[in-house]
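Colleague: Questions regarding the structure given below will be posed in turn.
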Amino acid sequence: MTTASIIDGKEVAAGLRARIAARVATLPFTPGLRVVRVGDDPASGVYVRNKDKAAKQAGLDSATLQLPETTTEAELLAVVRQLNDDPAVDAILVQLPLPRQIRAETVLETIDPAKDVDGFHAVNAGRLATGQAGLVPCTPKGVMHLLAAAGTAIAGARAVVLGRSNIVGKPMAALLLAADATVTVVHSRTRDLASECRRAEILVAAVGRPEMVKGDWIAEGATVIDVGINRLPDGRLVGDVDFAAASQRAAAITPVPGGVGPMTIACLIENTVDAAVARRG
Ligand code: GUN
């Protein structure tokens, strides 16, 4: 039995943000980020405010455009096109989820791929899948930083990604594969999830189900990255992994909160600066 070391996402994110701020200070321009929020989904509110604060601390020109819940798809597309055409804007992020009258896919495909700091446009997803340089989704990119910080060897390792979303699971698998892991993607229709997970030397859980991954799903000595952030009825915030039990078997594990969450925002800042430098030369 081991007791896992805790991978401190707050600390790794603070280091990354400090490095980015130092880089921003050397640029002859100020990278511009625009976050578009439609309606007032309360979970998004905290996230959007944290993004804005972190972006300003890093020296970016950051603003949130708040649109009403009743915004039509055509109106939102017009806002996105205006941002595409604005030379002061390097980075566009449309906060998800969107109200039901708006098709997210249509909106994401309208964002200029060069300004798509979420990396959700099919052009950026395709570049990632084919090993070309492009903008990479922030959460899986943050996970790669955490694995590096934990000193986890990736090349040749058996990595299991639990979840197959476009936002986390699929790009996560692509990044691990690009880093030479042997990657398995498992999901709600997988037979015997527990034994698939038990084979993982690196386990990334991104399903959004509170404490679904039990302690005995974890191999002794594994690195466990928990992307889930789930609010329980009693108000507690927990991940997709039973942290207490998994800590008894893993070599290293991320906590929730304070693991992957802070990295997502740091990577958004990093993507904004990368997009600005690529666009402005
Ligand atoms: N909603 C929850 N996570 C995300 C994210 O990474 N990007 C966007 N645009 N919306 C989100």
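Colleague: Under a 5 Å amide H to amide H cut-off, with H placed in plane at 1.01 Å, what residues pair with Ala157 once short-range neighbours are removed?
Modeller: Thr182
Colleague: Quick one: putting +1 on the C-beta of Lys and Arg, -1 on the C-beta of Asp and Glu, what dipole do you get for segment 127-194 around its Cα centre, in Debye to the nearest 20?
Modeller: For this selection, approximately 200 debye.
Colleague: Further, regarding this structure: For Ser165 paired with Leu237, estimate the spin-label separation in nm (one decimal), with each label point 7 Å from Cα along the Cα-to-Cβ line.
Modeller: It works out to 1.5 nm between the two label points.
Colleague: Using 0.36 nm per residue of separation minus the Cα-Cα distance, give me the extension gain between Ser195 and Ala88 in nm, one decimal. Walk me through the intermediate numbers first.
Modeller: Details: separation 107, 0.36 × 107 = 38.52 nm, distance 5.07 nm.
Value of the extension gain: 33.5 nm.
Colleague: Here's something else I'd like to know. What is the count of Lys pairs in the chain whose alpha carbons sit under 28 Å apart, if the two are 8 or more places apart or on different chains?
Modeller: Count of close lysine pairs: 19.
Colleague: Looking at the chain, what % of its DSSP beta bridges pair antiparallel, to the nearest 5?
Modeller: Among the beta bridges of the chain, antiparallel pairing accounts for roughly 5 percent.
Colleague: Run the numbers for Ala153 and Ala18: contour at 0.36 nm per residue of separation, minus the present Cα-Cα distance, in nm.
Modeller: Difference between extended and current length: 46.1 nm.
Colleague: With every protein chain kept in place and ligands, DNA and RNA left out, what is the accessible area per residue of the chain? Probe 1.4 Å, answer in Å². It would help to have the intermediate numbers written out before the result.
Modeller: Numbers: 12840 Å² over 281 residues.
Heavy-atom SASA per residue in the chain reads 46 Å².
Colleague: Any chance you could run the full-extension gain for Arg81 through Arg280? It's 0.36 nm times the residue separation minus the Cα-Cα distance, nm to one decimal. Write out the running numbers ahead of the final one.
Modeller: Working: separation 199, 0.36 × 199 = 71.64 nm, distance 1.89 nm.
Computed gain between Arg81 and Arg280 is 69.7 nm.
Colleague: According to the square roots a ≥ b ≥ c of the eigenvalues of the Cα gyration tensor, what is the shape class of segment 34-135, taking rounded for a/c under 1.5, prolate for a/b larger than b/c otherwise, and oblate for the remainder? Can you show the working numbers first?
Modeller: On the way: a/c = 1.55, a/b = 1.15, b/c = 1.35.
It comes out oblate by the Cα gyration axes.
Colleague: Further question on the same structure: Which of the DSSP-defined H helices in the chain satisfy a minimum axial length of 20 Å, computed from C-alpha atoms, and a minimum mean Kyte-Doolittle hydropathy of -1.0? Each step should come with its number before you reach the end.
Modeller: Numbers: long enough: 9-25 (24 Å, 0.34); 42-57 (23 Å, -1.06); 260-280 (30 Å, 0.67).
Once both thresholds are applied, what remains is 9-25, 260-280.
Colleague: How large is ³J(HN,Hα), in whole Hz, for each residue of segment 246-251 in order, when computed from phi with the Karplus curve 6.51 cos²θ - 1.76 cosθ + 1.60 and θ = phi - 60°, using x for Gly and Pro?
Modeller: Rounded to whole hertz, the list is 5, 4, 6, 10, 5, 7.
Colleague: Okay, next question. Tell me which residues come under 5 Å, amide H to amide H, from Asp118 once H is placed; ignore anything under 5 positions away on its chain.
Modeller: Counting only residues 5 or more places away or on other chains, the set is empty.
Colleague: Each label point is 7 Å from the Cα along the Cα-to-Cβ direction; what then is the distance between the points at Leu96 and Phe29, in nm?
Modeller: Each label point is offset 7 Å from its Cα along the Cβ direction, giving 2.8 nm.
Colleague: Right, next: Express in Å², to the nearest 10, the accessible area of Ser5 obtained by rolling a 1.4 Å probe over the protein heavy atoms while all chains stay in place.
Modeller: Rounded to the nearest 10, that gives 70 Å².
Colleague: Same structure again: Starting from the Cα of Ala43, step 7 Å along the direction of its Cβ; do the same at Glu73; then give the gap between the two resulting points in nm.
Modeller: Inter-label distance under the simple model: 2.3 nm.
The values are calculated or read from the model by the stated rules, or taken from the named source; none is laboratory data. Since we're looking at a predicted model, the values are computed, not measured. Cβ sites come from the backbone with ideal geometry, for glycine too, and all protein chains shown count toward neighbours. Surface accessibility is based on the protein's heavy atoms, side chains included, excluding ligands, DNA and RNA. Shrake-Rupley method; radii C 1.70, N 1.55, O 1.52, S 1.80 Å.
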